[in-house]
1. Could you pull the Rg and Dmax for region 174-286, using just the Cα atoms, both in Å?
2. Can you give me the long-range amide H partners of Gly158? Hydrogens built in the peptide plane at 1.01 Å from N, cutoff under 5 Å, separation of 5 or more residues or another chain.
3. Given just the C-alpha atoms of region 17-165, how large is their convex hull per residue in cubic angstrom?
4. Counting Lys +1, Arg +1, Asp -1, Glu -1, what net charge surrounds Pro123 among other residues with beta carbon under 9 Å of its beta carbon?
5. Which semi-axes, in whole Å and largest first, does the equivalent ellipsoid of the chain have when worked out from the alpha carbon gyration tensor as the square roots of 5 times its eigenvalues?
Amino acid sequence: MRARLVTRDANAPCYDARKMSSDDASVPTEHLLSVAVDAAKDAGSVLLEYARSGFQIERKNPINLVTDADHAAEQCIIDHLRRCFPTHRTLAEERGVDGHGPSPYRWIIDPLDGTTNFAHRFPVYAVSIGVECGNDLLVGVVYDPSRDELFTGEAGRGAFLNGRLVTVSTTAQLDAALMVTGFAYDIRETPKNNLDHFARFALRAQGVRRTGSAALDLCYVAAGRFDGFWEVKLNPWDMAAGVLIVREAGGRITDLRGNPHSIHQPELVASNGFIHDEMLGILGENLHL
């Protein structure tokens, strides 16, 4: 099965949000997806140019970095959205909430997921853009510019990698599974730092990896490269796009206790579904209640 992705001609007008009905609730998801793909690819080009030409690094805290590439890529995305959907709201990692109008649409943006990797010239980072309407995720796009890999998901229409349908793996047991996780920036300051869970999974799974990009971790679960992923402290922009892509690839998403997941709470367990209960069992051995 092939994706229905057709990126917009640069000379063609954007879908005109101003022509929509007053409740702003009728944007076709293919238009949202097309704009998200264009914005992600352009932002990826910005990141590659900074990677080639150099960048400035600032420190939010001793281990939480931000670069001028983050800001430039985020502005690139915002410019796309303001031109195409001027009434829509945004939630972006660097600028926070932007727009308080009546539109139910919100774009959730991480312009550079994997900033520490980028700052060290380790080529594992991505642009992540999710679109929600009310409480429903409609579109997810994650673009890895280093590999030119574009992961997309559209609610009810599947998940794709560079236009080809992807599905989660069929690994049925944890001891045969390749897992992935990450650690929050306050790892040095809190006991709820995931090291306890990491140690348990390292002894139970076939292998555990840490890539430094939650957006790519989720997409790799969707594509069957990883079998499961968990994290204890994520932000909405880290996971909005990836969560939809995993669901559309046939995966399962919950919180650490197996409850329904929301991108507006920090805990996340994502899997191929087959090993999910085993994952929850291990996580339940040492949950901080």
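1. Calculated on Cα positions, Rg and Dmax stand at 12.4, 36 Å.
2. Distant-sequence amide H within range of Gly158: zero hits.
3. Details: hull volume 15.9 nm³, N = 149.
Expressed per residue, the convex hull around the Cα atoms of region 17-165 is 107 Å³.
4. Numbers: positive: Arg121, Arg147; negative: Asp144.
So the environment of Pro123 carries a net charge of +1.
5. With the √(5λ) rule applied to the chain, the semi-axes are 30, 22, 18 Å.
Values quoted throughout were computed directly from the atomic coordinates according to the rules given, and no laboratory measurement underlies them. Keep in mind the model is a prediction, meaning the values are calculated, not measured. Neighbour counts are summed over all protein chains in view; Cβ atoms, including those assigned to glycine, are modelled from backbone coordinates with ideal geometry.
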